[in-house]
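The values are calculated or read from the model by the stated rules, or taken from the named source; none is laboratory data. Bear in mind the structure is a predicted one, so any value in this text is a computation, not a measurement. Positions of Cβ are generated from backbone atoms using ideal geometry, with glycine treated the same way; all protein chains shown enter the neighbour counts.
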Amino acid sequence: MIRETYLNALTLGLFVLIPAWALFADEPFTITLMTRAAIFAIAAIGLNIALGIGGLVSLGHAVFFGIGGYAMGILAYHAQTYTALAEWPVLIDGTKSMPIIWLVAVLVSSLAALVIGALSLRTAGVYFIMITLAFGQMFFFFTISWAEYGGEDGLSIYVRNGFPGLNTLAPIQFYGLCFVILCLVLLFTWRLSKSPFGLALNAARQAPVRVETVGLDPTRLKLVAFVISGAITGLAGALFADLNRFVSPTMFSWQTSGEIMIFLILGGVGRLYGPVVGALAFVALEHWLGGLSDYWHIYLGILLLLIVLFGRGGLIGLASGKEAVHD
Amino acid sequence: MKMVTLAAAAALAIGITGAHAEPVKVGMITTLSGGGAGLGIDVRDGFLLAVKQAGSPDLEVIVEDDQRKPDIAVQLADKMVQSEKVDVLTGIIWSNLAMAVVPSVTAQGKFYLSPNAGPSALAGKGCHPNYFNVAWQNDNLHEAAGAYAKDTGYKNSFILAPNYPAGKDALTGYKRFYDGELAGELYTKLGQTDYAAELAQIRASGADSVFFFLPGGMGISFLKQYADSGIDLPVVGPAFSFDQGILQAVGDAALGVKNTSQWNKDIDNPTNKAFVEAFQAEYGRLPSLYASQGFDTANLLLSAMAKADVKDADAFRAALKEADFASTRGDFKFGPNHHPVQDIYVREVIKEGDVFTNKILAAALTDHADAYAGDCSM
Amino acid sequence: MSFLLLIEQVLNGLQFGIMLFLMAAGLTLIFGVMGLINLAHGSLYMIGAFCAAAVAAATGSFLLGLVAALAGAAAAGALVELVVIRRLYDKDHLDQVLATFALILIFSEGTRWVFGSFPLFLDVPDFLSGPVTLPGGIEYPLYRLTLIVIGLLVALGLYMLISRTRLGIQIRAGENDREMIAALGIDIARLYTIVFALGAALAGLAGALVGAIQSVQVGMGEPVLILAFVVIVIGGIGSIKGALVGAVLVGLTDTLGGIFLPEALKLFLDPSTATSVGSSLASMAIYILMAAVLILRPAGLFGARA
């Protein structure tokens, strides 16, 4: 049994050592895989704020992931075709600059989270799971028939967007960017969970009535958490779109929501590093199992089942021997 | 990783290898798991059959499963290019996956040979010297269906397709050659399996014929429900709902339906006869048009390898462009945008013993190119 | 659009809804009694269709195929309940979602492994094929009429089962107070297995019945599963009556929305824009309906608790 702190340090260490090794061994694809893992981790950290701390089981986080993706896709598409995004009331051009794209992704997905959250939080429990799923399906079917931006074919962006001072086409430089963002998001989440807001949110999940009696509004706390959560997942979506240089309605599918949830549960719900470990493990599994057999989904299914049935607290829980987090 | 390393077969090859020593590495990304796996498996099997027959020690094929997910396909393409350092990519079945992969791999200087998808964007403005389509441009089979409807004298067609880009291309393609009235034009939900509402509209529309493009399971459902509805209008469609893998699941409901295809197992040429026999002997089932496309793709590649070194991109491109191989479809050549110029046939679904299959009635369009070649500047 | 066409489309919507009810009834029963969210319900639908197709192909009898679908799905359901599901009852919804998602992966690829990657053949039997003429001159497929009748009979049967039999009393008691019925000496483990197998059999029956007019292929269950969830959420989770009302609502919205939305929009927009916007709206219609119902009634139309 390893202490959780060591395990977390080890995980972060892997995110430094593996790409470093890949760089020297000239294995650029390993760097691409690690970039994928880092981006999935960011998406799942977003979900963790809603689900792990706030107790909101959202099966619709693909909405924010997809919005982030389409923010990148639409802006870059207009930039690469030299067409205006909007001509009225003010002329808006597309852009190939990552910081602007990220800002737009975060703003639009926050706004979507605000609306979806405000409506969905009228329900609870299973109904909440299902209404978030319904919003996901709405966006999915909408983008499939959104002919201006490729419909089901999606949008291809031929050259990865730029970041000042970096050559983002070099796998290691883009990875570095994603890794730094991952660290910043981790730091933010850690500060958040220790802040008065985080503590109140945690309490709102465990004992809403008590929170109410001290004069706080649990629904409002949860709504703020849902918005922050959506914003982070949206940022991950923009990065994912840039990794693939491609967006499509698949990003909005309910399977995507399910996968983001799987990263989280695989690693450990409510733990700071849970999503990071889960995303890394999932990418590794997908890569190795996929090579073993055409029917690798069976093995993935069995493994997930075993983790749910016998491994409370996800992989971190298994390795550190600690079941629950701070309940 | 499922590696098919053919170097081992070198001992068996009796000196029929290309003149160039540099081996060619091919990355095949195709759909082998989940729904739609049947198409990818056919393309792969057709391709590998040709590779096996050639027995070339200079050819190594790596096959990977994209699970029909665009992001997985992109990731695999990155892997093929970055780690495996392949020279040629191929295998993608679906247009949306092709749009995700093809522009970036051709921009990185790799060759891409499409054994199935032919989205209009890649045939027109987005064409690329390193992109060769060995199957068809997406509109082609629909255009042939329109031409057939016009020749047969249909005056009032009811047309329907799913509400996504390939569906819109399908109806546009049909209308490009059909010149009668439209009794109705419908876009259905992608993945829809119940067509009761559409069938009621067809019945009430006063149409004299029905054209539909509903690939895979959607087409199976539509045909069965159509047969059961008592509507007695002639149906025309592209081959995608009538290929060998699907027909057995449709059964009697498909009998007599006219469909358009650039290939059929009864096309009379020696290559095709040998292909159909060898495929049956190797895999124990009849080949589909997807299998023939995979087979032709591999033979195109082999023909270019015999003429040029893949490292010399200009020479290799020129060799591909010549399309100097014996196609299962008979005459085959590339147009200026590297898309096929070929005959497209009208087939009818028949029953041979217990097996449902197709037979060719006539050519619908001869030496047919696509409508986008003019937009391609290369 | 003529009145007769409208009637025919309403029948189509009804038939679609009734088939959704077969799926939704099992789902809502399982949730009501055991508190379990079962994403793998769509897999049982698929298993029913594959069993029916295999047996019908081997024996030539559609009815034997239906029996096989019921038996096969019930057996698969009972097996899964014994091996996996019963370990999930005391876990939270999150774990249930993940575990049953894992079951989907296992069932789907397992079915592909056994039956191959190509769709199977299953057809309407001769004595039910072709159209019949209804009063008013509507030609309607006999098979679809049969589906409506079977669905209504199942609904009636479920009602009788739950209101009139000993098992029904136990089920109702289980919904209200789990600890109490265990304390009363009822073998709760057995009850759970029976309820799960019953739900599975209904899903299998729906799969086989629908499979005859659609395609029997891997992955056929998931789209229906999502719709069935929409149904039970609209109706109120745990309520059989809610499932029936929800199913008919969803069936009608989906069928009629696809026809009338494009037509209605043609009043404001040019025809081709109307067709494409209308079709997109139609594909989102049931989800909009569901969100609207939940926003107004957070526990569904007939839901007792959230």
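Checking the condition among the charged types (D, E, K, R), crowded, with 24+ Cβ neighbours inside 10 Å and touching a residue at least 60 places away in the same chain (Cβ under 8 Å), which residue from B:343, B:296 passes?
The conditions single out B:296.
Scan the range C:113-141 for residues that are in contact with a Phe, Trp or Tyr (Cβ under 7 Å, 6 or more places away or on another chain) and in a helix (DSSP H, G or I) and the total you get is 3. Consider the range C:255-279 and keep the residues that are polar (S, T, N, Q) and surrounded by fewer than 23 Cβ atoms within 10 Å (Cβ to Cβ). The one that is farthest from the other protein chains (Cβ to nearest Cβ) is C:273.
Restricted to the range B:174-188, and to residues there that are within 14 Å of chain C (Cβ to nearest Cβ) and within 23 Å of the chain's Cα centre (by Cα), the residue that is surrounded by the fewest Cβ atoms within 10 Å (Cβ to Cβ) is B:175. Return yes when residue A:205 is at pLDDT 90 or above, over 30 Å from residue C:280 (Cα atoms) and more than 14 Å from the chain's Cα centre (by Cα) and no when it is not. No. Among residues of the range C:50-72 that are in a helix (DSSP H, G or I), those with a Cβ under 7 angstrom from a residue that is β-branched (Val, Ile, Thr), sequence gap 6+ or separate chain, pair up as C:50/C:111; C:50/C:216; C:53/C:216; C:64/C:55; C:65/C:55; C:68/C:55; C:72/C:47.
Screening residue B:230 with (1) more than 8 Å from chain C (Cβ to nearest Cβ); (2) modelled with pLDDT under 95 gives one miss only, at (1). Checking C:185, C:204, C:199 one by one, the residue that is over 18 Å from residue C:32 (Cα atoms), among the small types (Gly, Ala, Ser) and part of a helix (DSSP H, G or I) is C:204 and no other. In the range B:264-277, what residues are modelled with pLDDT of 95 or more and touching a helix residue (DSSP H, G or I) at 6+ places or on another chain (Cβ under 6 Å)? Residue satisfying the conditions is B:275 alone.
Scanning the range A:70-92 finds no residues that are charged (D, E, K, R) and crowded, with 24+ Cβ neighbours inside 10 Å.
If I go through the range B:119-157 residue by residue, how many of them are crowded, with 24+ Cβ neighbours inside 10 Å and under 30 Å from residue B:181 (Cβ atoms)? Within the range B:119-157, residues that are crowded, with 24+ Cβ neighbours inside 10 Å and under 30 Å from residue B:181 (Cβ atoms) number 16. Might you check whether a residue that is out of contact with any helix residue (DSSP H, G or I) (no Cβ under 8 Å at 6 or more places or on another chain) and without any contact (Cβ under 8 Å) to a residue 60 or more places away in the chain occurs anywhere in the range B:106-123? Yes, the range B:106-123 has at least one match.
Answer with yes or no whether residue A:285 is closer than 25 Å to residue B:100 by Cβ and surrounded by fewer than 22 Cβ atoms within 10 Å (Cβ to Cβ). Judged against the criteria, residue A:285 is a match.
In the range A:295-309, the residue that is nearest to residue B:37 (Cα to Cα) out of those that are more than 7 Å from chain C (Cβ to nearest Cβ) and surrounded by fewer than 20 Cβ atoms within 10 Å (Cβ to Cβ) is A:299. If you take the residues in the range C:76-99 that are of a type in the set (A, V, I, L, M, F, W, C) and in a loop (DSSP other than H, G, I, E, B), which one is surrounded by the fewest Cβ atoms within 10 Å (Cβ to Cβ)? Selected residue: C:84. Residue B:44 meets each of the listed conditions (1) crowded, with 24+ Cβ neighbours inside 10 Å; (2) out of contact with any helix residue (DSSP H, G or I) (no Cβ under 6 Å at 6 or more places or on another chain); (3) in a loop (DSSP other than H, G, I, E, B) apart from (3).
The set of residues in the range A:273-287 being away from chain C (no Cβ under 13 Å), assigned to a helix (DSSP H, G or I) and either under 27 Å from residue B:80 (Cβ atoms) or not aliphatic (A, V, I, L, M) (or both) consists of A:275, A:279, A:280, A:281, A:283, A:284, A:287.
What about residue B:213, is it more than 12 Å from chain C (Cβ to nearest Cβ) and under 20 Å from residue C:220 (Cα atoms)? So residue B:213 passes the test.
Can you tell me which residues in the range C:175-190 are basic (Lys, Arg), at pLDDT 80 or above and surrounded by 15 or more Cβ atoms within 10 Å (Cβ to Cβ)? None; the set is empty.
In this entry, residue B:206 passes the filter for residues that are in contact (Cβ under 8 Å) with a residue 24 or more places away in the chain, over 23 Å from residue B:365 (Cβ atoms) and over 20 Å from the mean Cα position of the chain (by Cα). For first residues located in the range A:141-163 and away from chain C (no Cβ under 14 Å), partners that are among the acidic types (Asp, Glu) and surrounded by 16 or more Cβ atoms within 10 Å (Cβ to Cβ) and lie 6+ apart or on another chain with Cβ distances below 7 Å form the pairs A:160/A:242; A:161/A:242.
A quick yes/no check of all residues on (1) assigned by TED's automatic domain parsing to the domain that holds residue B:289; (2) touching a strand residue (DSSP E or B) at 6+ places or on another chain (Cβ under 8 Å); (3) more than 30 Å from residue C:18 (Cβ to Cβ):
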{"position": "B:162", "(1), (2), (3)": "no, yes, no"}
{"position": "B:169", "(1), (2), (3)": "no, no, yes"}
{"position": "B:176", "(1), (2), (3)": "no, no, yes"}
{"position": "B:193", "(1), (2), (3)": "no, no, no"}
{"position": "B:204", "(1), (2), (3)": "no, no, no"}
{"position": "B:212", "(1), (2), (3)": "no, yes, no"}
{"position": "B:217", "(1), (2), (3)": "no, no, no"}
{"position": "B:224", "(1), (2), (3)": "no, no, no"}
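Among the residues of the range C:27-43, not a single one is over 19 Å from the mean Cα position of the chain (by Cα), in a helix (DSSP H, G or I) and of a type in the set (Ser, Thr, Tyr). Looking across A:211, A:185, one residue alone is surrounded by 19 or more Cβ atoms within 10 Å (Cβ to Cβ) and under 21 Å from the mean Cα position of the chain (by Cα). It is A:185.
Taken together, the residues in the range B:281-333 that are within 15 Å of the chain's Cα centre (by Cα) and either part of a loop (DSSP other than H, G, I, E, B) or not assigned by TED's automatic domain parsing to the domain that holds residue B:129 (or both) amount to 5.
Which one of the conditions (1) surrounded by fewer than 24 Cβ atoms within 10 Å (Cβ to Cβ); (2) within 11 Å of chain B (Cβ to nearest Cβ); (3) modelled with pLDDT under 90 does residue C:252 fail to meet, given that it meets all the rest? Of (1) surrounded by fewer than 24 Cβ atoms within 10 Å (Cβ to Cβ); (2) within 11 Å of chain B (Cβ to nearest Cβ); (3) modelled with pLDDT under 90, only one is false for residue C:252: (3). The single residue among A:301, A:290, A:237, A:230 that is within 18 Å of residue C:102 (Cα to Cα), assigned to a helix (DSSP H, G or I) and at pLDDT 85 or above turns out to be A:301.
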